[in-house]
Amino acid sequence: MPSPLERVQAAPVLATVRRLEQRIAARFPGRGLNRVAGELAGLVETVDSSTATARGRRSWLRPLSRFGIVAVLVVTGTVMVLAIRSALVDAPDDGLAWIPLLESSVNDLVFAALAIWFLYSVPERLQRASLLALLHRLRSLAHIVDMHQLTKDPERLRTEFVPTDASVPMDLDTDELEHYLDYCSELLSLVGKTAALCAEASRDPVVLDTVSTVETLTVSLERKIWQKIAVLNHHREAPGST
């Protein structure tokens with residue numbers, strides 16, 4: 001049995017998201033970022049319940065699909081044996097007369113192989129569809145977090161910054177902006193951890209590739225945020241800065 005430290009657990013991820021939601025609400029009550037944290041917490045719960053449901057469905061669907069494979073093999077083998085026996089009893093003198101039998105046998109084998117592949121992949125394909133839908137929601141949520149921090153530019157806190165009529169008002173001071181950007185970074189990190197929960201539930205290459213894509217996206221967006229935090233700290237440490 002694998003150790004709890006060998007896989008990402010849903011409960012600690014959910015607890016971390018809930019704690020971050022409370023921290024955001026305490027410092028920025030009424031902000032949209034708090035609703036994003038609540039949405040992420042709901043997604044963690046959905047991923048946890050969906051993977052548990054998928055495991056339960058797979059526990060009975062996989063034996064059923066294997067039984068179907070055995071049934072296809074038995075039926076195909078029986079049909080082939082009967083066809084060969086009938087051909088040997090009524091063996092035609094002309095060799096060309098065997099062609100229809102050979103063609104029919106090849107078709108039967110091809111259809112049997114397709115049926116076996118379909119039955120074998122049914123449990124994995126059903127789980128894949130569910131996980132890909134959740135990963136799509138996580139990818140969208142990562143972009144929403146990025147939209148929240150997009151206009152939070154530390155350069156606008158400089159005393160010499162001159163806004164235009166189209167400038168978005170900055171209603172955060174230096175400390176508040178740093179906390180806001182840090183919360184956005186944490187949210188993106190937790191989006192990546194939630195995607196990792198999907199990888200724990202599946203070994204499907206399509207699912208794993210999508211999880212990797214979401215994680216790469218969140219890391220890239222986090223890097224942009226930390227660049228802003230670095231600029232913010234530079235202005236704070238500069239002589240004469242406010």
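The values are calculated or read from the model by the stated rules, or taken from the named source; none is laboratory data. Keep in mind that this is a model prediction, so the values were computed, not measured. Positions of Cβ are generated from backbone atoms using ideal geometry, with glycine treated the same way; all protein chains shown enter the neighbour counts. Areas reflect the complete protein model, heavy atoms only, side chains present, ligands, DNA and RNA absent. Shrake-Rupley method; radii C 1.70, N 1.55, O 1.52, S 1.80 Å.
Listing for the model above:
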{"read-out": "Cα-centre dipole for the stretch 105-189 with unit charges at Cβ (Lys and Arg positive, Asp and Glu negative), debye to 20", "value": "820"}
{"read-out": "Accessible area expressed per residue, the stretch 150-242, with surrounding protein chains retained (probe 1.4 Å, Å²)", "value": "53"}
{"read-out": "Accessible area (Å², 1.4 Å probe, nearest 10) - residue 147", "value": "120"}
{"read-out": "For the stretch 146-204, size of Cβ-based charge dipole, Lys and Arg +1, Asp and Glu -1, in debye", "value": "300"}
{"read-out": "Residue (of 202, 105, 192) at the positive-pole extreme of the stretch 93-218, dipole from beta-carbon charges", "value": "105"}
